[in-house]
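Let me begin by presenting the structure, written as structure tokens, before commenting on it.
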Amino acid sequence: MKYQKQTTEILERLNKTILGKEQTIRLLFMSLLSGGHVLLEDVPGTGKTTLANALSKVLDLSFGRIQFTPDTLPSDVTGVSVYHMEKGEFSYRQGPIMNQLVLADEINRTSPKTQASLLEAMAEEQVSVDGTIYPLPQPFMVIATQNPIDFLGTYQLPEAQLDRFFMRLSLGYPDKEHELLMAHNYINNINQDKMPCLADADTLMAMKAEAASVTIHPDILKYIVSVTEATRENENLSLGASPRATLALIRASQSCAYLYGRSYVIPDDVQEVLYPVLCHRMVVSVEARMKKLGSDTVLREILRHIPVPVITKEALCGSAG
């Protein structure tokens, strides 16, 4: 495929900005290729905002940032209609959501009403202001950051909104080796220059189309459906993965294969994306929480009982045409 090699250059450049987080950056780029939105959940100061800003620069995407606070209003997200007395008419003043890459910083610090203002944009790629619909620019992606739920002054995101996020990721603290390297680079002003632009919106749209064309074997599709169905029947979960989660797993697996330079999905691709795609969509039951079980633990137990399909390379290559 034409643009697969270019994705390697983009990932390498991003890995120079956020050190030691190659897997998280890869998953974030998979989400972008899949047309999905990402929830970055972590403590402050781990590089969430830096990563989002770097991604917009390396792909030459318009960038908007919303700093959520308890008094942030929905109109601060979507924009407002302003009346011009000279013209005797209203005109739309765009909000920060009208950008290709939007950073919703500390989304769980604002009220549920304002959180909900993102739903239409994330689901429909449009916003409604005073009855008028405005389409969002393409490509479009929301990267929302979130501090841990038990921090003071935060509002837990509702399940309906969590399900809108393609993946939930966490950068975490760097290991000692990479933190020392980060400190060295900071002191010596290394890698502090302007982020080079390695692609543009048109190239990214072409990459997304190529990723969506990656072939997935019927047996792998059956495996994905078996996993999501099993989450709905598990006694430790009060809410299993939605049909949207099934589609997200399929698209994420295709994007994963694409980044590895293949035109077909293998079972390992599915295994790589299962946890970031599913865990935040599953609600652990009260009884399971009392046993200190998390969604990742429950999913791990579910996967133990579902056999991974064994497919020959010839069959996979054949399915890719």
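The values are calculated or read from the model by the stated rules, or taken from the named source; none is laboratory data. Because the structure is a prediction, the values reported are computed rather than measured. Glycine gets a Cβ as well: all are built from the backbone with ideal geometry, and neighbour counts include every protein chain shown.
Kindly evaluate PRO96 against the criterion of being surrounded by 14 or more Cβ atoms within 10 Å (Cβ to Cβ), part of a loop (DSSP other than H, G, I, E, B) and in contact (Cβ under 8 Å) with a residue 60 or more places away in the chain.
no
Could you say which residue among LEU51, LEU14, LEU39 is surrounded by 18 or more Cβ atoms within 10 Å (Cβ to Cβ), in contact with a Phe, Trp or Tyr (Cβ under 7 Å, 6 or more places away or on another chain), in contact (Cβ under 8 Å) with a residue 12 or more places away in the chain and assigned by TED's automatic domain parsing to the domain that holds ARG109?
LEU39
Kindly evaluate ARG164 against the criterion of being crowded, with 16+ Cβ neighbours inside 10 Å, touching a Cys at 6+ places or on another chain (Cβ under 7 Å) and either assigned to a loop (DSSP other than H, G, I, E, B) or not small (Gly, Ala, Ser) (or both).
No.
Hey, can you tell me all the residues within region 99-129 that are touching a Ser or Thr at 6+ places or on another chain (Cβ under 6 Å), surrounded by 21 or more Cβ atoms within 10 Å (Cβ to Cβ) and among the aliphatic types (A, V, I, L, M)?
Residues satisfying the conditions are LEU101, VAL127.
Tell me, which residue of region 137-158 that is surrounded by fewer than 19 Cβ atoms within 10 Å (Cβ to Cβ) and at pLDDT 80 or above is nearest to the chain's Cα centre (by Cα)?
GLN138
Give ALA248, ALA211 a once-over and let me know the one that is in contact with a Ser or Thr (Cβ under 6 Å, 6 or more places away or on another chain) and modelled with pLDDT of 95 or more.
That would be ALA211, the only listed residue that is in contact with a Ser or Thr (Cβ under 6 Å, 6 or more places away or on another chain) and modelled with pLDDT of 95 or more.
What residue, of GLY20, GLY64, is assigned to a loop (DSSP other than H, G, I, E, B) and in the same structural domain as MET167 (by TED's automatic domain parsing)?
Unique residue meeting the criteria: GLY20.
On the basis of being within 25 Å of the chain's Cα centre (by Cα), of a type in the set (D, E, K, R) and outside the structural domain of PHE63 (by TED's automatic domain parsing), does GLU235 make the cut?
no
Working only within region 36-64, note down all residues that are more than 22 Å from ASN108 (Cβ to Cβ) and not aliphatic (A, V, I, L, M).
SER56, LYS57, ASP60, SER62
Based on what the data block shows, is LEU103 at pLDDT 80 or above and part of a strand (DSSP E or B)?
yes
Do we have SER285 as surrounded by fewer than 22 Cβ atoms within 10 Å (Cβ to Cβ) and touching a Lys or Arg at 6+ places or on another chain (Cβ under 9 Å) here?
Answer is no for this residue.
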